[in-house]
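The values are calculated or read from the model by the stated rules, or taken from the named source; none is laboratory data. Since the model is a prediction, treat every value here as computed from it, not as a measurement. Glycine also receives a Cβ, built like all others from the backbone with ideal geometry; neighbour counts cover every protein chain displayed. Each accessible area value is taken on the protein alone, full model and side chains, heavy atoms only, with ligands, DNA and RNA left out. Shrake-Rupley method; radii C 1.70, N 1.55, O 1.52, S 1.80 Å.
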Amino acid sequence: MNQLGVHALVWRGGWSESEAALAIAETKRAGYDLIEIPLLDPASVDAAMTRRLLDKHGLTATCSLGLAAATDISSEACRR
């Protein structure tokens, strides 16, 4: 089964507990199966809090990174 998801930044611009709670609740309310969590600052993401909120709403998650031009293999800067 293919799950459908939505990026967390659709709902909020960060991943504090209140932002995560809103984003996860809204994702579930909208009928999605998973939420994509941006790891713009991986050390700031509270994994235990995130797991608790995901379990509460019956969602799964994926994560994504925003790469700078120097680390993005599709950019001209990386090919130099």
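Applying the selection to the range 1-16, what residues are open to solvent by 60 Å² or more (accessible area, probe 1.4 Å) and either closer than 13 Å to Thr60 by Cα or outside any helix (DSSP H, G or I) (or both)?
Met1, Asn2, Gln3, Leu4, Trp11, Arg12, Gly13
Search the range 17-65 for residues being of a type in the set (Val, Ile, Thr) and not in a loop (DSSP other than H, G, I, E, B), and hand back the single one that is nearest to Met1 (Cα to Cα).
Thr60
Out of the residues in the range 58-76 meeting the condition of being within 15 Å of the chain's Cα centre (by Cα) and in contact (Cβ under 8 Å) with a residue 12 or more places away in the chain, tell me which one is least open to solvent (accessible area, probe 1.4 Å).
Per the criteria, the residue is Leu59.
If we keep just the residues of the range 37-52 that are open to solvent by less than 60 Å² (accessible area, probe 1.4 Å) and modelled with pLDDT of 95 or more, which is farthest from Ser64 (Cα to Cα)?
Among them, the one singled out is Met49.
What are the residues in the range 1-24 that are farther than 17 Å from Arg52 by Cα and among the aliphatic types (A, V, I, L, M), if any?
Result: Met1, Leu4, Val6, Leu9, Val10.
May I ask you to list the residues in the range 9-28 that are in contact with an Asp or Glu (Cβ under 6 Å, 6 or more places away or on another chain) and under 15 Å from Leu40 (Cα atoms)?
Arg12
From Gly58, Gly5, which residue is modelled with pLDDT of 95 or more and on the phi > 0 side of the Ramachandran plot?
After applying the criteria, what remains is Gly58.
Could you list, in sequence order, the residues of the range 19-41 that are in contact with a strand residue (DSSP E or B) (Cβ under 9 Å, 6 or more places away or on another chain) and of a type in the set (Gly, Ala, Ser)?
Matches in the range 19-41: Ala20, Ala23, Ala30.
Residue check: is Glu19 under 16 Å from Leu65 (Cα atoms) and of a type outside the set (A, V, I, L, M)?
In short, no.
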